[in-house]
């Protein structure tokens, strides 16, 4: 594989950039693989990469119905953070933060990781108390957290509404300085390029039609491009999890919901942090191109539509304008939607299943993108070793049955609780 | 914008309704031995399929009645609405 560097850039400039290698191949599926990963999104590509890199398992195929990076890894608002209170979430996410910091070097691909910091705004004394508690928990787990008062927040984001007569005055906020954003497509492409280089077959336009299960064991998968045998199969299909679970006669604690995001027209640099509204569900950051990137609540009903309805968008942007009134002057450039695998406690599932050789990675709710490297790393470990790693032990499938919920916010699919 | 035909009030916009999830889920019978798996299925496990889906909505900003709606989760087309006490046929 050609290494990307300033030298290769100069060299290829001399030949008018006509001689770059393909970033990944377009192979025909083989009859059999050691491991098949279903879903060529961020998590699936990362899983294949870490299977090859950490576990020397390179006879791997990624099967993708559409094209890689065409689902949620290309539809999110690119936020990366580890500001969780519960140990299971905090340690998992902070492990991921370390992978994010090294990702551009590891992948030889500039993922434009920008640790610009995230601020969760507080709008009451009680909320300040809960943020203090969460901040303390984060620091005990080695994650940076800073509790800001009103004046400190005003210094960092003066464009927010600090006037006296507002419905949700800003009391302060909790900041994680090391949080940030990254270029989401680059994450998918970077993992794909490296995985391909180590021998992983990335098979696009290949839909899973069914599974070959016998005597409680998985033997392979039936696809639109023929049957593929594999002793181990990993599901990494986010919003399509329930569709595949149906083919396996499994019913999961997952509902598929629609989440919208939008960007404004590009404007000059105004916001150098990720900011979330504390009295509802709204988050905002500014992209390198200058667009304000915004998102918020689910549309609120089961959906596979990958496109949203206006009432939710209006509701979300009302919150944004309450927080930062200047947003009302901006024109909307683009809105879109993606389908989320909403778990019932709001936390993900990375686990084995009752079918031997079948592994499950789903339930990412609002937070799939930031988890991409840690999810891939732990899922690869779970598949390769046939046992969960301590980092994803809390993300078990049977926790709903045993009552060991991981209710960081306790929302899950029930958005109206907030 | 969804337009939902409330069986009590007629066609109304989505803003007046709130969502209540899968309408085919039945609470385990009272006074009977209920296994953990039964509870799990009632509280957490959902099919959530692509296509026709029976679901509960409440006409919150209208008559406040719970209703059953059959909607396509991929196209958002609404086929049928029923009162809460009417059985899904």
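Quick note: the coordinates plus some simple rules give every number you see, no bench work behind them. Quick caveat, the model's predicted, so the values are computed rather than measured. We place every Cβ from the backbone using ideal geometry, glycine too, and count neighbours over all the protein chains shown.
Where does the Debye-calculated log10 I(q)/I(0) of segment A:94-179 sit at q = 0.15, 0.18, 0.25 Å⁻¹, using only Cα point scatterers of equal weight, no solvent?
These q points yield log10 I(q)/I(0) values of -0.64, -0.81, -1.16.
When the chain is fully extended, how far beyond the present Cα-Cα distance does residue A:54 get from residue A:21, taking 0.36 nm per residue of separation?
Length difference between fully extended and current span is 9.4 nm.
Less than 11 Å from a label point 7 Å out along the Cα-to-Cβ axis of residue A:409: which backbone N atoms in segment A:243-280 qualify, by residue?
Correct set: A:276-280.
Pull up the DSSP beta bridges for chain A and report the antiparallel fraction as a percent, rounded to 5.
Around 70 percent of the beta bridges assigned by DSSP in chain A are antiparallel ones.
Which value does Rg/Rh take for chain A over its C-alpha atoms, Rh per Kirkwood?
My calculation of the ratio gives 0.97.
Sort B:30, A:235, A:147, A:51 so that the residue with the fewest other Cβ atoms within 10 Å of its own Cβ comes first and the one with the most comes last.
Arranged by neighbour count, lowest to highest, B:30, A:235, A:147, A:51 become B:30, A:147, A:235, A:51.
Please report the spacing between the Cα centers of segment A:341-357 and segment A:49-104 in Å, no decimals.
When both Cα centres are located, 16 Å separates them.
Quick one: A:73, A:153, fewest Cβ neighbours within 10 Å first, how do they rank?
A:153, A:73
Would you please give the FRET efficiency between residue A:354 and residue A:32, computed as 1/(1 + (r/R0)^6) with r the Cβ-Cβ distance and R0 = 25 Å, to the nearest 0.05?
The pair residue A:354/residue A:32 has a calculated efficiency of 0.60.
If each DSSP helix of 4+ residues adds -39,500 (n - 2.57) and the sum is divided by the residues in chain A, what number results at 222 nm, nearest 500 deg cm²/dmol?
After summing the helix terms and dividing by residue count, I get -9000 deg cm²/dmol.
Return, ordered by residue number, the residues of segment B:18-48 whose backbone nitrogen is under 14 Å from a label point located 7 Å along Cα→Cβ of residue B:66.
Hits in segment B:18-48 for residue B:66 at 14 Å: B:18-28, B:43.
Given Cα pairs under 8 Å that are at least 6 residues apart, what percent is the relative contact order of chain A?
About 21 percent, as a whole number.
With the contact rule set at Cα under 8 Å and sequence spacing of 6 or more, what percent relative contact order holds for segment A:265-387?
Result for segment A:265-387 is 17 percent.
Set the Förster distance to 25 Å, then compute FRET efficiency between residue A:318 and residue A:163 from the Cβ-Cβ distance, nearest 0.05.
Calculated transfer efficiency: 0.90.
Normalised by the residues of segment A:323-399, what does the relative contact order come to in percent, with Cα pairs under 8 Å and at least six apart?
After rounding, I find 30 percent.
Please express the Cα-Cα pair-distance distribution P(r) of segment A:27-183 as a list of whole percents, one per 5 Å bin, running from 0 to the bin with the greatest distance.
It works out to 2, 8, 13, 15, 15, 13, 11, 8, 6, 4, 3, 1, 0, 0, in whole percents.
Evaluate the Kirkwood expression for the hydrodynamic radius of segment A:327-418, namely the inverse of the mean inverse distance over all pairs of different C-alpha atoms, and round to one decimal in Å.
By the Kirkwood definition, the hydrodynamic radius is 14.7 Å.
Using a Gaussian network for chain A with springs between C-alpha atoms less than 10 Å apart, which of these wobbles most: A:175, A:250, A:292?
Its mean-square fluctuation being the largest, the pick is A:250.
Rounded to whole Å and sorted largest first, what semi-axes of the equivalent ellipsoid does the C-alpha gyration tensor of segment A:251-354 yield via the square root of 5 times each eigenvalue?
Values for segment A:251-354, descending: 29, 15, 13 Å.
If I model a spin label at residue A:6 and residue A:86 as a point 7 Å from the Cα along the Cα→Cβ vector, what separation in nanometres do I get?
4.7
Just the number, please: Stokes-Einstein D of segment A:191-323 in µm²/s, Kirkwood Rh from C-alpha pairs, 25 °C, 0.890 mPa s.
In µm²/s, the coefficient is 133.
Could you identify which residue out of A:121, A:107, A:248 has the top mean-square fluctuation in a GNM of chain A using Cα springs shorter than 10 Å?
Evaluated over chain A, the most mobile residue of the options is A:248.
Rank these for me by crowding, A:53, B:68, going from fewest to most other beta carbons within 10 Å.
Sorted ascending by nearby Cβ count, the order is A:53, B:68.
Could you pull the Cα extents of segment A:305-363 along its three principal axes, largest to smallest, in whole Å?
The principal-axis extents, from largest down, are 56, 22, 16 Å.
Would you mind estimating how fast segment A:158-223 diffuses translationally, via Stokes-Einstein at 4 °C and 1.567 mPa s with the Kirkwood radius over Cα pairs, in µm²/s?
The diffusion coefficient I find is 72 µm²/s.
Using the scaling law 2.2 N^0.38 Å as the reference, what is the normalised Cα Rg of segment A:243-283?
Compactness ratio reported: 2.02.
For segment A:61-115, what number results from the quotient of the Cα radius of gyration and 2.2 N^0.38 Å?
1.36
Could you tell me the ratio Rg/Rh of segment A:337-381? Both radii from Cα atoms, Rh via Kirkwood.
Result for segment A:337-381 is an Rg/Rh of 0.99.
In whole Å, what three semi-axes, largest first, describe the equivalent ellipsoid of segment A:1-64 built from its Cα gyration tensor (square root of 5 times each eigenvalue)?
30, 14, 11
Quick check: the angle from helix A:310-323's long axis to the longest principal axis of chain A, C-alpha only, nearest 10 degrees?
50
When averaged across all projection directions, what area in nm² does the alpha-carbon convex hull of segment A:129-171 cover?
Across all orientations, segment A:129-171 yields a mean hull projection of 3.5 nm².
On each of the three principal axes of the Cα atoms of segment B:17-89, give max minus min coordinate, whole Å, ordered largest first.
38, 29, 23
Gaussian network model of chain A, Cα springs within a sub-10 Å range: biggest mean-square fluctuation belongs to which of A:19, A:110, A:129?
A:19
Expressed as an acute angle from 0 to 90° and rounded to the nearest 10, what is the orientation of the C-alpha long axis of helix A:87-107 relative to the principal long axis of chain A?
Long axis of A:87-107 versus the principal axis of chain A: about 70 degrees.
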